[in-house]
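K.L.:
Quick one: the structure is below, and I'll ask about it shortly.
Quick note: the coordinates plus some simple rules give every number you see, no bench work behind them. For clarity, every value in this text was computed on a predicted model and none was experimentally measured. Ideal geometry is used to build each Cβ from the backbone, glycine not excepted, and the neighbour counts take in all protein chains shown.
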């Protein structure tokens, strides 16, 4: 009876909720499922796309977000061609601008000139292209007093967990604090709605089941050297089932953003396919998730150089798999020869 009531509640909250599992899988099974995701695309698209800055303060009108299009199918087709298995999408950055049709605020994409629920559109594209979905969420934001509003944080997470289908994991950004709800409570709140969703935090008190390595590299769980941040949590916390690392496809450069689309003058800058492929092999070896970050441009499309590079990575992956004879084997030291 409890399971039936839970399903009814979820169905009342969103059309996609029927797909959400309400029974928690054993950790060893869920860990295996998450690790098999292996490689995905981290997409950051928001105010900072149009400011040319990583953090965009001082915006007073949602019309600041004014793309000429939103090509989520191009994002997903590129991810698929690259051998990726999931999309990690930025739902809200520190500025509080929501990329879904939240009921908690008018500071959202459906009130912008674009006027569409980007997350809903992306969910549909993921389904068409056979990709899983994970979400980035800034825990605290600048629209809240002292960056804290526990009730709003909980309600926004409830919307995301109940209205957009299964979420593989949450990438929680602690840069502006915990939003008034500590990390253990945050992870428990997400798991209340999606018991098989892993939650990770890039900074702050360790909690959840996923180790996050912002600007990190491949390595086994517990390897503090694999993370630029969160080193103490990585080495001391024992609750992780898997580890994820991420960095931007844009190399370090002067001026402009890294995680978002930068500036047109940087359109020729991109990490090499060879580097990305080597880190992919590291992810396979250590059973990590590798979330490679890209930023759609003013037209809501990935840069040409990103598309070409990722296609080349996909070709390398498929060639390596063919040589190995098994897509799930661990790479040897001479895997690229």
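K.L.:
Please work out the Cα center distance from segment 220-257 to segment 134-149, rounded to the nearest Å.
P.N.:
21
K.L.:
For the chain, list log₁₀ I(q)/I(0) at each q in 0.07, 0.16 Å⁻¹, using the Debye formula over Cα point scatterers of equal strength and ignoring solvent, two decimals each.
P.N.:
After summing over all Cα pairs, the log10 values are -0.26, -1.55.
K.L.:
What is the packing order of peptides 138-144, 173-179, taking the mean over residues of other C-beta atoms within 10 Å and listing the highest first?
P.N.:
138-144, 173-179
K.L.:
Just for the chain, what percent of DSSP beta bridges are antiparallel, to the closest 5? Spell out each step's value before the answer.
P.N.:
Working: 1 of 34 bridges.
If we restrict to bridges inside the chain, about 5 percent are antiparallel.
K.L.:
For segment 105-245, evaluate the Debye formula with one uniform point scatterer on each Cα (no solvent term) and list log10 I(q)/I(0) at q = 0.11, 0.16, 0.17, 0.19 Å⁻¹, rounded to two decimals.
P.N.:
Each listed q maps to, in turn, -0.43, -0.89, -0.99, -1.17.
K.L.:
What is the distance, in nm, between label points placed 7 Å from the Cα along the Cα-to-Cβ direction at residue 127 and at residue 215?
P.N.:
Spacing of the two 7 Å Cα→Cβ label points: 3.9 nm.
K.L.:
Suppose each label sits 7 Å from its Cα in the direction of the beta carbon; what would the residue 57-residue 188 distance come out to in nanometres?
P.N.:
3.5
K.L.:
What whole number of Å gives the distance from the Cα centroid of segment 194-208 to the Cα centroid of segment 309-324?
P.N.:
Taking the Cα centre of segment 194-208 as reference, the centre of segment 309-324 is 31 Å away.
K.L.:
Oh, and also: Mind giving me the FRET efficiency for residue 252 and residue 324? R0 is 25 Å, r the Cβ-Cβ distance, nearest 0.05 is fine.
P.N.:
Efficiency at R0 = 25 Å is approximately 0.15.
K.L.:
Sum -39500 (n - 2.57) across every DSSP H segment of at least 4 residues in the chain, then divide by the residue count to get the 222 nm mean residue ellipticity, nearest 500.
P.N.:
Dividing the helical sum by the residues of the chain leaves -10500 deg cm²/dmol.
K.L.:
I want to verify a result. In a Gaussian network model of the chain, Cα cutoff 10 Å, which of these has the top mean-square fluctuation: 304, 22, 162?
P.N.:
304
K.L.:
Compute the orientation-averaged projected area for segment 212-296 from the convex hull of its Cα atoms and round it to one decimal in nm².
P.N.:
Result: 5.9 nm².
K.L.:
So if R0 is 45 Å, what FRET efficiency would residue 101 and residue 228 give, r being the distance between their Cβ atoms, rounded to the nearest 0.05?
P.N.:
Plugging the Cβ-Cβ distance into 1/(1 + (r/R0)^6) gives 0.85.
K.L.:
Right, another one. Taking the chain as a Gaussian network, where each spring joins two C-alpha atoms under 10 Å apart, which residue of 121, 252, 132 fluctuates the most?
P.N.:
In the Gaussian network model the winner is 252.
K.L.:
Which residue fluctuates the most in the chain, going by a Gaussian network model with Cα springs under 10 Å, if the choices are 224, 134, 236?
P.N.:
Among 224, 134, 236, the largest GNM mean-square fluctuation belongs to 236.
K.L.:
Just grab the label-to-label distance for residue 236 and residue 25, each label 7 Å out from Cα along the Cβ direction, in nm (one decimal).
P.N.:
3.1
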